[in-house]
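Heads up: the structure comes next, in structure tokens.
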Amino acid sequence: MKSATNIGVMDTVDWQEFCSSLLDQVPATIAPHTGLGYVDGELETVTKPEDLAATLSTWESAGYKKVSEGGSAEWYMFYPGINFDQSVQERLMDFMGVEDANACWVSMIKPGFCCPWHIDQHEIRSFGLGRYHVHINPPEMGHVFMIEDDYYINQPVGTVYRWRDPFIWHAGFNGGRTPKLLLNFV
Ligand SMILES: O=C(O)CCC(=O)C(=O)O
Ligand SMILES: [Fe+2]
């Protein structure tokens, strides 16, 4: 079954300028270790403990490790109202025709790093809401985002996808030469 639907290209934000303003900053979260959303290295909100256990055992059996353990699993997270203007989230909601928001963030993966296969832990209030992502940096060889068995590569800047379900397996890898950024919304 198709993991997500392309709902068009959002061009009401200058994505190039948006991405460069984030890359100049210290991220609010360095996942999966510290910052907003983590307490003593543990996820603060766990609404689906079985999915978290499945994620962790997948990492364990595959051999994925955090940077603090000598591995390459690491991604940065930037938030509206902290790292970027809230109006970007509002413009995205207008584009999608959505009124309720649980969370909005930008994920960034540096070359050589990855966000291994996982199921997100969203707040209970996001159950039943849509999950979306937007490709915000120019496509580059080696930048890969995957949801289940679908590969999202070479996507035009501003392309918005609506997921089939917010709680499905996905992963991002940066085998390229520049940072890979995605805007996420649930
Ligand atoms: O940026 C990516 O490729 C994946 C990020 C992600 O899955 C997340 O932030 O939950
Ligand atoms: Fe995720």
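The values are calculated or read from the model by the stated rules, or taken from the named source; none is laboratory data. Just so we're clear, the structure is a prediction, and the values are computed from it rather than from any experiment. A quick note on method: Cβ atoms are made from the backbone with ideal geometry, for glycine too, and the neighbour counts reach across all protein chains shown.
Looking at (1) surrounded by 15 or more Cβ atoms within 10 Å (Cβ to Cβ); (2) within 16 Å of ligand 1 (Cβ to nearest atom), find the lone condition where ILE7 falls short.
(2)
Would you tally the residues in segment 109-143 being of a type in the set (A, V, I, L, M) and crowded, with 23+ Cβ neighbours inside 10 Å? Step through it out loud before you land on a result.
Quick first cut of segment 109-143, residues of a type in the set (A, V, I, L, M) only: 109, 119, 124, 129, 134, 136, 141.
Retained after the next criterion (residues that are crowded, with 23+ Cβ neighbours inside 10 Å): 109, 134, 136.
Total satisfying the criteria: 3.
Among the residues of segment 124-142, are any within 16 Å of ligand 2 (Cβ to nearest atom), in contact with a Phe, Trp or Tyr (Cβ under 8 Å, 6 or more places away or on another chain) and farther than 25 Å from ARG91 by Cβ?
Checked against the condition, which is being within 16 Å of ligand 2 (Cβ to nearest atom), in contact with a Phe, Trp or Tyr (Cβ under 8 Å, 6 or more places away or on another chain) and farther than 25 Å from ARG91 by Cβ, segment 124-142 yields no hits at all.
Looking at the structure I just gave you, is ARG177 among the charged types (D, E, K, R), at pLDDT 95 or above and under 21 Å from GLU17 (Cβ atoms)? I'd like the intermediate steps shown before the answer.
Numbers: among the charged types (D, E, K, R): yes; at pLDDT 95 or above: yes; under 21 Å from GLU17 (Cβ atoms): yes.
Yes.
What is the one condition in (1) at pLDDT below 95; (2) within 24 Å of TYR161 (Cβ to Cβ); (3) not aliphatic (A, V, I, L, M) that GLU42 does not satisfy?
(2)
List the strands (runs of 3 or more DSSP E) that sit entirely inside segment 1-97 and contain at least 2 residues that are of a type in the set (S, T, N, Q). Show your work before the answer.
Working: elements: 4-9, 29-31, 75-78.
Strands (runs of 3 or more DSSP E) meeting the threshold: 4-9.
Just to verify a result, which residue in segment 145-186, among those that are within 15 Å of ligand 2 (Cβ to nearest atom) and of a type in the set (Gly, Ala, Ser), is surrounded by the most Cβ atoms within 10 Å (Cβ to Cβ)?
Only one residue tops the list, namely GLY172.
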